[in-house]
Amino acid sequence: MPLTSKENKIWSSIVVASDNDPDKPEFPPSNPHWPSTPVRKIDVPGFKNVYLKDESVNPTGTHKDRMAWEMVVTYKQLLEAKKQGRILELPQMSIISSGSAANAIQHMLARYKLPNLKVLVDFRMNPKIKKGLEAIGAEIYETDLSKRILSKDDILTLTDNKGGIDITSDDSLGPFDVFYDWMSYDIVNQNADYVFVPYGTGHLYENLVNVAVKEAKSFFFHDKRLSVDPNDIKQCNFLGATTNNPETKADKLYSPHLPFIHFDTRWITVAISRGYIGEKSNVLTVQERYLDEAYAIAKENNVTCEHSGIAGLALMLQLKNKLPKEKKMLIVNTGKANYSN
């Protein structure tokens, strides 16, 4: 079925320079460059060599902007499917969100004049965040997310999106490795001894470890974006910071029924045993007092963040007595959502 003139314009406006050529980056779409976010040294008491990967400079303030771009790329593929007659119309997307992912995706969809995002939120969501999402065109649906795990069909039903696409679930769009692959290569290329990452849905941590394992176990063929010795990756420890506290200030990292986490943390043990990643790699629960300490240190270093985004630094502080102070530490700050863009 031929595209309408409007759809043809949308299709033409979505430009993907390359999948993995560092000389032809795809993000951010307004000014593609790589690395697209900076790494800088920060001062942390008791440590000599701490660096920060700062995702707060992204368009809406968090690493979720990278995921949002991939949703636009998905729509380009859907437009091609419509052109070929495999679908009749563009579907709407649904997602469970606490705010930042929905904010990033809806901004990106609106920019390309694509169908608005349907967002399922907990009925206790901060009204200001909800109003901010509605102001940019997101369609909001409320429920009690603490009651049970929701299936893909549940999410589509609750967002009045029968025949649509649920982008919360793992099986709707295929593997999530494309969400943060460029970011993961930039992190690996820092050649740190320890990398600390917030762990909410697990997608970022999963992508990062998958990239590390892929490159560490390959003998001959490596991605164009890799600029370090693959053997160095095997010495790097990847640590995810999460929480099981329902009252936590790191609210983006907590959910009583966090759906569709398909990353089996037991696989970390396998990766370690095969020598692909550092032996201290793990996902650990961070204590609240270290979140407050990390937030204060981040502010002293002029870092834009929230407690969830700087949870990696909190975990490093929590493990302070067990870490070699002279080793290179890389903290991933996933940022702070800006709902006023």
- Under DSSP loop assignment and at most 15 Cβ neighbours within 10 Å, longest GluC sites (Glu not before Pro)-free interval of the chain: 90-246
- Check cross-link reach from Lys48 to the aspartates and glutamates: straight Cα distance under 12 Å, and skip same-chain residues fewer than eight apart. Glu326
- Query: Hey, in the GNM for the chain with a 10 angstrom Cα cutoff, which one of His222, His203, His63 fluctuates hardest?
  - Reply: His222
- Taking the chain as a Gaussian network, where each spring joins two C-alpha atoms under 10 Å apart, which residue of Ser12, Ser218, Ser273 fluctuates the most? Ser12
- Task: For segment 132-138, just list the computed ³J(HN,Hα) in residue order, Karplus coefficients 6.51, -1.76 and 1.60, θ = phi - 60°, integers in Hz, with x standing in for Gly and Pro.
- Result: x, 5, 5, 5, 9, x, 5
- Estimated inter-spin distance, Ser146 and Asn244, nm [label 7 Å along Cα→Cβ]: 1.8
- Would you mind ranking Arg289, Arg66 so that the residue whose beta carbon has the fewest other beta carbons within 10 Å leads the list? Arg289, Arg66
- Item | Fraction of antiparallel bridges per DSSP, the chain only, in percent to nearest 5 | 15
- Item | Total charge dipole magnitude, segment 83-154, about the Cα centre, Cβ charges on Lys, Arg, Asp, Glu only, Debye to nearest 20 | 240
- Item | Cα centroid separation, segment 51-129 to segment 274-295 (Å) | 29
- Query: Rounded, prolate or oblate: which fits segment 64-166, taking a ≥ b ≥ c as square roots of the Cα gyration tensor eigenvalues, rounded meaning a/c under 1.5, else prolate when a/b beats b/c?
  - Reply: oblate
- Query: So between Ala135 and Lys327, what do we pick up on full extension, going 0.36 nm a residue minus the alpha carbon distance?
  - Reply: 64.5 nm
- Query: Using the per-residue mean of other Cβ atoms lying within 10 Å as a proxy for protection, in what order, highest first, do the peptides 44-51, 92-99 fall?
  - Reply: 92-99, 44-51
- What is the packing order of peptides 147-157, 231-241, taking the mean over residues of other C-beta atoms within 10 Å and listing the highest first? 231-241, 147-157
- Which whole-number percent gives the relative contact order of the chain, counting Cα pairs below 8 Å spaced six or more residues apart? 20
- Kindly write out, for segment 108-116 in residue order, the coupling ³J(HN,Hα) from the Karplus curve 6.51 cos²θ - 1.76 cosθ + 1.60 (θ = phi - 60°), rounded to whole Hz, with x marking Gly and Pro. 5, 5, 5, 4, 9, 6, 9, x, 5
- To the nearest 10 degrees, the tilt of helix 288-300 (Cα long axis) against the first principal axis of the alpha carbons of the chain is 90
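Every read-out reported here was derived from the displayed coordinates using simple, explicitly stated rules and does not represent laboratory data. None of these values were measured; they are calculated from a predicted model. When we count neighbours, we look across all protein chains shown, and the Cβ atoms used for this are built from the backbone with ideal geometry, even at glycine.
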